[in-house]
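What follows is a single structure, written as C-alpha cells, with notes after it.
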Amino acid sequence: STAAFDAVCDVLIPKPQLCNQLLVLRDASRSVLCWPVCLEGAQYERNALLFSLALVLRPTAGADGRGGGGGEDCASRYGTVLRRACEHLTALERRDRLLSTCASRGKLGHILPALLHGLRQEGGCSLALDSGHTMRLELPPPP
C-alpha cells in the first residue's frame, strides 16, 4: 500500500552516504532488508545511478528456516544474498548498462522474480543472465 511504502521509502531510496551496506527496518509485522547502491559516473543523469534491492520478511519462518524470520540471523543471511545480488547487478550495469537503459531494464522483470522464487523454494538459485554471466546465490545455512 502507499502508506506502507511511505513508511519505509527513506530506507529503500536512501542518501548516497547509506549505500553499500545492509539497512534493516523492523516492526511487529515485518522486517525490511535493503541493500542500496550508488554508482557514480558522468554517463548518468546527475552523475550517479542509485538502485536498491529489498526484501520484506514476515516474522514466521518455515520449518526449513528459509521463510520469513525477521530476526538478526535472518537479516544476516538475507543481507548476504542482497549484497551479492547487487554486486552482480553492478557488474552488469558497468558492462551492459542493464539498469540505466530502458531497453535492458526489462530483463529485471524476469531476473528478480526468479531470484525470489529460488530463494523461497530452494534456498538458492542459479540464473543465466546472458550468455556470459550467471548469477549464483545461496542462503547461508541458519546458525
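Just so it is clear, none of the values below were taken in a lab; they were calculated from the coordinates. The structure displayed is predicted, hence computed values, not measured ones. Here Cβ is always computed from backbone atoms with ideal geometry, including for glycine, and neighbour counts include all displayed protein chains.
Which length gain, in nm to one decimal place, applies between ARG136 and ARG30 when the Cα-Cα distance is subtracted from 0.36 nm times their residue separation?
35.5 nm
Nearest 10 degrees is fine. How inclined is helix 2-12 to the longest principal axis of the chain, computing both from alpha carbons?
70
Give the angle, between 0 and 90 degrees and rounded to the nearest 10, that separates the Cα long axis of helix 108-122 from the longest principal axis of the Cα atoms of the chain.
20
Which order, highest average first, do 46-57, 107-118 follow once you tally other Cβ atoms within 10 Å for each residue and take the mean per peptide?
Sorting 46-57, 107-118 by mean packing, highest first, produces 46-57, 107-118.
Working from Cα positions, state the angle (0 to 90°, nearest 10) between the long axis of helix 72-96 and the longest principal axis of the chain.
With rounding to tens, the tilt is 20 degrees.
Taking square-rooted eigenvalues a ≥ b ≥ c of the alpha carbon gyration tensor, is segment 93-143 rounded, prolate or oblate, where a/c under 1.5 means rounded and, failing that, a/b exceeding b/c means prolate?
prolate
What is the spin-label model distance, in nm, from GLN121 to PHE5 if the labels are put 7 Å beyond Cα along the C-beta direction?
Those two pseudo-labels are separated by 2.8 nm.
Each residue of segment 38-50 in order: what ³J(HN,Hα) in whole Hz does its phi give by Karplus 6.51 cos²θ - 1.76 cosθ + 1.60, θ = phi - 60°, with x for Gly and Pro?
Karplus-based 3J(HN,Hα) across segment 38-50 equals 10, 9, 9, x, 5, 6, 9, 4, 6, 6, 7, 10, 9 Hz.
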